[in-house]
Structure formats: C-alpha cells, structure tokens
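Working notes, structure below.
The values are calculated or read from the model by the stated rules, or taken from the named source; none is laboratory data. Just so you know, these numbers come straight off a predicted model, no measurement behind them. So basically every Cβ, Gly included, is an ideal-geometry build from the backbone, and we count neighbours across all protein chains shown. Accessible surface areas use protein heavy atoms only, side chains included; no ligands, DNA or RNA. Shrake-Rupley method; radii C 1.70, N 1.55, O 1.52, S 1.80 Å.
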Amino acid sequence: MSPPFPTRSRLALISANMLLASVASFTYSVARVRSASQIPRLSTETLSKSFSCPLWSSSFTFCLHRPPKSATSLVAGGFCAVPSSTMASSAVESFDSNPLFGDFDFPPFDVVEAKHVQPGIRELLRRLEGDLVELERSVEPTWPKLVEPLERIVDRLQVVWGIVNHLKAVKDSSELRSAIDAVQPDKVKFQLRLGQSKPIYNAFKAIQDSASWPSLSAAHKRIVEGQVKEAVLNGVALEDEQREKFNEIEQELEKLSQKFSENVLDATKKFEKLITDKKELEGLPATALGLFAQTAISKGHENASEESGPWIITLDYPSFSAVMQHAQNRTLREEVYRAHISRASDGDLDNTPIIDQILKLRSEKAKLLGYNNFAEVSMSMKMATVQSAENLIEKLRNASWDPAVQDMEDIRKFAAEKGAVEANDLSHWDIGFWSERLRESKFDINEEELRPYFSLPKVMDGLFNLANKLFEINIEPADGLAPVWHSDVRFYCVKDASGNPIAHFYFDPYSRPSEKRGGAWMDEVFARSRVLARDGNLVRLPTAHMVCNQTPPVGGKPSLMTFREVETVFHEFGHALQHMLTKQDEGLVAGIRGIEWDAVELPSQFMENWCYQRDTLLSIAKHYETGESLPEEVYQKLIAAKTFRAGSLSLRQIRFASMDLELHTKYIPGGPESIYDVDQRVGKTTQVIPPLLEDRFLCSFSHIFGGGYAAGYYSYKWAEVLSADAFSAFEDAGLDNEKAIKETGRRFRETILALGGGKPPLEVFVEFRGREPSPEALLRHNGLLPVAA
C-alpha cells in the first residue's frame, strides 16, 4: 500500500545537534488556538445541529484511520432505550428481530447483514433524537443531569454504528456499502444536531463558570473543557446561513471520505497479474509463490500450486512487497510498481476530483470557524502547533537528506558490483530489490529465512508473556464467547493478577484482499464506563479489536511472519493496551478517548521497542517445526541491521508528513498548482530519486483523505520522542533486572496506560518519567549516542 502501516523510521545518521534542535522546537503542551474561557455563552437563538460528535475527534481508528466516528451505546452490550409508546406493533416486531438491537454482551458480528442496516440505524436515530430532546429539556449543569445522559446517547450510536462500519472494513460488499450510504446522511445529521446543541453547550459553560470548578477532578475538568472546545469546532457558534453551510460541508466530507476509501479498496482488488511461466518469478521465495498460488485458487484456478502455478499477483501488501523485494524480473517489478502508485487515479475509481473537493471543503470549513487553514483546525486539539510541527519535519528532512543520498549511492555501487545493467539508472522499482540484496550481503540476514522463526502462534505467546511480565495481566483465549465476522478471527480475555476479567479483544490477523481494507489498525468496540455498567457491575469492561493484513497460512503451515509484521502486531497491541488497561471510569475520557492526537502513538511505538529486546525476541523467535530458538548470532545481526537505510526510511515518512501539511496549509484548491504539482515539488526535496511524473500515490493516501490523519501525519515523529524516552526508563532500570522491570512496568501501566484522556499527556508523561520528555533516548536508539553500559 502507499503507505502501508506506518513505517517506523530510525534516524541512525542524523547529527545529534540537529535532532536536538528539532526536538527543542516542540511545544509539549496542548495547542492554545482557542481558549475555552474566551468562548461566549450562546443565546437560545444562536444555533442548532452539529457534526462529529464532540467526544470523538481524538478517537479515530489507529494506524489506518477511517472517517471520524461518533455518538453511540448499548449498555455493557445490551440496548437500554425504551420503545416509544406510539410505535406500531409491526415496527416493534421488526425492531425486536434486528440483531443490531439485541440484548448482547458482545456484538452479533456473525449475523448482522446489509438488510439490517437501514431499518436498524433509522430506528436508532429516531430513538436517540427523542433522548436528545429530553436531555435538552431537562438539562442542568450537573454530572447526573448533563454528562451521564450525554454519554449514554453518544455511546449508543458508537456501538451500533461501529458494528456496521467495522463490518464494512473487514467484510465489504456492494450490498453493505449501499445500505450504509443510504443512512449515512441521517447519521451525520444527528451528529450535527448533537454537536451544535446550545442547551448542552451552555450547561457545560455553566459548569466551567461555577464556583465548584476548582474542586472538580482533573478528569471532569478535561471532559468539560474538551466538550466546550469541540462544540465550537462543531460549529456551535455559527448562525443561520453559516451554520447551514457548515452542516452541508460536513455531510459532503463524510460522503467523500467514504467514497475515497471504497475507491482505494476497489482499485486494489481490480489489479490481478496472472503468471503461468515460473521463470517470470525467479528470485521470489517459496512463501510468496505459495501466497500467489493460494490467491489463484481463490480466483477459480483450482489446481494452482506453489511449485507449478498458475500464480496471481495482487496489489495487496504481502503480494506487492514480495515482488518489490525479491523479483529478479525487472519488467515485472516495474509493472507492479506502476500499478501500485496509480491506484484509484483513473476511470470510475479516480480519486483526483474527490481529493480536490475534500481539500476545498476543509478550507471552507476552517474559514467558517475563523481559522486561516484546516491545519489550524486540526492542531487546535493536538499538542503541537502548525509552526512547531513544520519546524520538526523540516529539520528532520535536512538531517536525513545526506544519509539518504549515501544510502542510494551504496545501493548503486552494490548493484554495479553485481553486474546489474540498471545500476547507473536505478528507478523506484529497483530500490526495494537491491536494498534487500545489500542488506542480505552486509548483515548476512535473509528475511525469508527468518520467517520460520516467526510463526504467528509463537509470536502471540511471546507478546502475551511480555504483557504479563510488564503489566501483570494474563491473556487467555476465549474463542466462542463472542461472535466473530470470519473464521480466522480470534477472541481473547484479559485478566488481572487475581484472575478477574478486565477487558476483551478480537484479533483479525490475515490479509483478505477481496473484502478487507488494507493496513493495520486498532479500534474500540466498547469503552470502559461507570455510567454504562450493568448486571450489578461497577463498570462496563472495555473491548477492542486489532486488525492486521499479514501473510496468511499457506500450504498447511502457520502464518510465517516477516519481522516487520511482528513489529506491526506489537504496535497495534500497544494501542489496544491503552484502551483495555485504562482505570478511568469516566467513559468520555477512558482509554484512547480524549487523548491528544499526536500523543496516541506513544504506547504503540513503545511496544515496538520490545521487538529488539533480547529476551523478548528470543522468546517469540522459535522455529515453527523444530522449536529451535533463533541463533544468538542471527539476533546480533538483526540488532546490527536495525538502522539500515535509516535516512531513506525517514525521508519516506517525512514526504507523507510534508505533503499532508502542505496541502492543509498553503495549497489553494483551484489555484495555479494541482495536487500533483505540489507532490512533485515536495517529492524533489524528500526523495533522492524524484517521483515519477505519473505518480499518483495521493489517490491512495488513505491516512489523510479516508481517515483521521489530516494535518496530523507528523504525529508519528512527534510521538517517537515520547515513546523512545518512555522505553529508556526500562533501560535505565536494567533490562536484565526483573524486579526493576516489573516495577517500571507497573508505573507505566498506572500512568500512560491507566489515565486515558483524563489528564493532559504531558502531565501523564511527567508522572511516569519524573521529568519532561528528552530526545536523548531517541538519539541513542538511532545510533547517535553511545549505549549505556
């Protein structure tokens, strides 16, 4: 994919002074674009409607985000609304038979069909409108009369809409798309109505202005301040024509974002390259040939086999990356690469006009809200400011450029030594192939030969053992306890040291290009909540799902993973841990909710560090057939290769972040430059080999056009300082000191993982680390400072 899951750049060759300067330009505090205390209380005539439920700007799906979600709830699982006395008996019967409204502990993913969506969502919205009217009528500036009923409304829509939206991401069909398209305008209309509710806004302002404000808990203050700020961003202060225009923009943006994602999925599925001559696939490992044959079988070639074919290559990431890294056939690499960078850029699937319209509408939205550009809107709920984010990216770009140039020179030299005719004219489809050959030569590591040591079952066992060691939790299989959407999906129960369940999660690991969105992500199913507890429990327990797109089992073997796929699972599990191990009982700031966007990658990137820690790696790296541990010398080679091509990998991320900020700050829709002109201009300073003139990667840049990273892609680099410093606390304690590791893990759990959005992320970090973030650990991890003895 372009991009696939976020690549973690390791800047081994950046000068310490430049990176220190770049980090010093950060402002580790919440951006103060609009002070809530400066927002006036509105009169009764001031507004109506709203968009993205005020509770959800900071809780999109992680890593490959879909459009903003919003308001929902079932109690702990079960629906809690009381049917209207005026409902016709036929409607009651239809309502009772719809699985979206059953009294369930876990969503009925196995039985929800497209036919349930329209009647279910429309009935849900009708009931929620009634609840909202009642809340507005009886609202008082108190927790029981304002926040608790609001949480019930918000959560109810989140759970039900979350079911259908999740199924669309993992089990897509034309029928499901049509059903969602039909009700999405109604859903957005309700979100607009809720987010622009003047009585609710005024009640929150009254709490903020009350004499009891100083005595409120930190979590309660965060909820109130967040609600006030988000209400303004939702257009609560707009009137008449401006409000109507704002609402039209939000409706259209949601529609366009969804269409963008659908086009990317359809374009990815559309490409199929049938190979019948095995000579065309020379250099490709057996795992790739098995995958291609398995794909061929799924496309009707019943007798396809790894040895004799036929084989089908797709643009799904495991297939695409195998060709780019291993195919000796340069013509094949070029064909697949060109198909990849031109996805969703022509015909009925062309995302170009969608991107133009999204950028135009985002700019108009920013102007309506009183901002100069959409990036300012985005940053108003983040730690960074536009300027500090731009400063960081530019300094990292400058620092990465020379190392990346050297990377390219090393590849050219190596290719020439091997007699490659393209050595003096390398193109984009050559870099992956020759850099992999160079890495194998330099470090004597063959990624394909490592796969047998990273079978999914053993990786998960090692990951769960690490979680037990660090956070004193036990993770047990619970398959059968909850319905699932595919037979590959696993279900787990998380228990504390006393054996009490504290959370659950689903894990959907494998690529399914015919129905499943690409990338990797974590999202919530249920959030922890005191208000939504039932059956005599004190809280509703959190439930998450982790979704990846790794290589599926082939030929009777388990899923044999690349090391990058191992890192991805650890990354997503980090997000899931923050959602599941929260001890915050206020549902509106529990887990991942309410955390500033550029801080949410801290736990995920933190967990990636453990993939390189000796005991952890050797615990997961066991040969799937013999049980033999990864040899010590191979482990040492992996560590040595950790920063290979760090400058180039850094520039890749910087290109994405730079394009994102450029399009959301300086780009003028309909102006003299097209989006592709901007990409060419940015590409010349962020790619050693400039992008092809026909490069259309923007048409599949789902992070910013189909998800939650608009004017926020820089967050990966911003959070890297936080995550590296957090991991350094364990290094300081001594990675071989089991007692100290347990104590540091307990502290990490009680702060970073437990406090959710109930405190500003800087305060949470200081509570864990005892000081503000330092770039020293990042520099050391990237080979710029000596490792402490």
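General observations
- Taken together, Phe705, Phe697 contain a single residue that is within 15 Å of the chain's Cα centre (by Cα) and either open to solvent by 10 Å² or more (accessible area, probe 1.4 Å) or closer than 24 Å to His428 by Cβ (or both), which is Phe705.
- Count of the range 218-231 residues which are in contact with a Gly (Cβ under 9 Å, 6 or more places away or on another chain) and of a type in the set (Val, Ile, Thr): 1
- Check on Arg490, surrounded by 14 or more Cβ atoms within 10 Å (Cβ to Cβ) and at pLDDT below 95: no
- When residues in the range 551-573 are screened for being among the small types (Gly, Ala, Ser) and open to solvent by 10 Å² or more (accessible area, probe 1.4 Å), 2 of them pass.
- Qualifying residue in the range 363-372 (condition: farther than 25 Å from Glu565 by Cβ, among the hydrophobic types (A, V, I, L, M, F, W, C), in a helix (DSSP H, G or I) and open to solvent by less than 40 Å² (accessible area, probe 1.4 Å)): yes
- Some residue of the range 621-637 being in contact with a Cys (Cβ under 7 Å, 6 or more places away or on another chain) and buried (at least 22 other Cβ atoms within 10 Å of the Cβ): no
- Selection status of Ala322, open to solvent by less than 70 Å² (accessible area, probe 1.4 Å), aliphatic (A, V, I, L, M), free of Cβ contacts under 8 Å to residues at least 60 places away in the same chain and more than 30 Å from Leu693 (Cα to Cα): no
- Considering residues of the range 574-620 that are of a type in the set (D, E, K, R) and part of a helix (DSSP H, G or I) only, the residue most open to solvent (accessible area, probe 1.4 Å): Arg614
- Single match in Glu225, Glu239, Glu244 (criterion: open to solvent by 40 Å² or more (accessible area, probe 1.4 Å) and over 20 Å from Ala366 (Cα atoms)): Glu225
- Only one of the listed residues (Ile393, Ile312) is among the aliphatic types (A, V, I, L, M) and under 25 Å from Glu601 (Cβ atoms). That residue is Ile393.
- Members of the range 529-544 that are closer than 16 Å to Arg156 by Cβ, open to solvent by 10 Å² or more (accessible area, probe 1.4 Å) and in contact with a Lys or Arg (Cβ under 6 Å, 6 or more places away or on another chain): Ala533
- Of all residue pairs spaced 6 or more apart or on separate chains, those with beta-carbon atoms under 8 Å, a first member in the range 520-534 that is free of Cβ contacts under 8 Å to residues at least 60 places away in the same chain and a second member that is buried (at least 24 other Cβ atoms within 10 Å of the Cβ) and part of a loop (DSSP other than H, G, I, E, B) are Arg530/Glu586.
- Residue in the range 386-402 that is over 28 Å from Pro775 (Cβ atoms), in contact with a helix residue (DSSP H, G or I) (Cβ under 7 Å, 6 or more places away or on another chain) and either open to solvent by less than 40 Å² (accessible area, probe 1.4 Å) or part of a helix (DSSP H, G or I) (or both) present: no
- Cβ separations smaller than 7 Å between residues 6+ apart or across chains give the following pairs from the range 595-623 residues that are without any contact (Cβ under 8 Å) to a residue 60 or more places away in the chain and farther than 13 Å from Leu577 by Cβ to residues that are open to solvent by 10 Å² or more (accessible area, probe 1.4 Å) and not in a strand (DSSP E or B): Cys611/Glu567; Tyr612/Ile639; Tyr612/Lys642; Leu617/Tyr635; Leu618/Tyr635.
- Residues of the range 279-329 satisfying the condition of being over 33 Å from the mean Cα position of the chain (by Cα), within 23 Å of Asp430 (Cβ to Cβ) and of a type in the set (D, E, K, R): Lys279, Glu280, Glu282
- Some residue of the range 373-380 being touching a residue at least 24 places away in the same chain (Cβ under 8 Å), open to solvent by less than 10 Å² (accessible area, probe 1.4 Å), over 17 Å from Lys666 (Cβ atoms) and assigned to a loop (DSSP other than H, G, I, E, B): yes
- Phe260 meets all of the listed conditions (1) crowded, with 19+ Cβ neighbours inside 10 Å; (2) over 30 Å from Leu368 (Cβ atoms); (3) at pLDDT 95 or above but one, namely (2).
- Per the conditions (1) in a helix (DSSP H, G or I); (2) closer than 24 Å to His545 by Cα; (3) at pLDDT 95 or above, the sole criterion not satisfied by Phe109 is (1).
- Members of the range 647-677 that are part of a helix (DSSP H, G or I) and either over 24 Å from Thr268 (Cβ atoms) or touching a strand residue (DSSP E or B) at 6+ places or on another chain (Cβ under 9 Å) (or both): Gly647, Ser648, Ser650, Leu651, Ile654, Ser658, Leu661, Glu662, His664, Thr665, Asp677
- The residue that is farthest from Leu456 (Cα to Cα), counting only those in the range 502-528 that are charged (D, E, K, R) and either open to solvent by less than 10 Å² (accessible area, probe 1.4 Å) or not in a loop (DSSP other than H, G, I, E, B) (or both), is Glu524.
- Entry remark, the range 443-467: residues being surrounded by 15 or more Cβ atoms within 10 Å (Cβ to Cβ), of a type outside the set (A, V, I, L, M) and assigned to a helix (DSSP H, G or I) number 11 in total.
- Within the range 753-779, residues that are among the hydroxyl-bearing types (Ser, Thr, Tyr) have Cβ atoms under 7 Å from residues that are surrounded by 22 or more Cβ atoms within 10 Å (Cβ to Cβ) in these pairs: Ser774/Asp725, counting only partners at least 6 apart in sequence or on another chain.
- Checked against the criterion of being under 30 Å from Arg749 (Cβ atoms) and free of Cβ contacts under 8 Å to residues at least 60 places away in the same chain, the candidates Glu440, Glu449, Glu476 yield just one match: Glu476.
- Residue check for Glu134: on the phi < 0 side of the Ramachandran plot, among the acidic types (Asp, Glu) and touching a residue at least 40 places away in the same chain (Cβ under 8 Å): no
- Cross-chain or 6+ apart pairs with Cβ under 6 Å, the range 176-200 first and closer than 14 Å to Val164 by Cβ and free of Cβ contacts under 8 Å to residues at least 60 places away in the same chain, then aliphatic (A, V, I, L, M) and open to solvent by less than 10 Å² (accessible area, probe 1.4 Å): none
- Output for the range 711-735, where each listed residue is in a loop (DSSP other than H, G, I, E, B), open to solvent by 10 Å² or more (accessible area, probe 1.4 Å) and touching a residue at least 60 places away in the same chain (Cβ under 8 Å): Leu735
- Test: residue in the range 575-596 that is modelled with pLDDT under 90 and not small (Gly, Ala, Ser): no
- Test: residue in the range 414-423 that is surrounded by 20 or more Cβ atoms within 10 Å (Cβ to Cβ), of a type outside the set (Ser, Thr, Tyr) and either in contact (Cβ under 8 Å) with a residue 24 or more places away in the chain or closer than 17 Å to Met324 by Cβ (or both): yes
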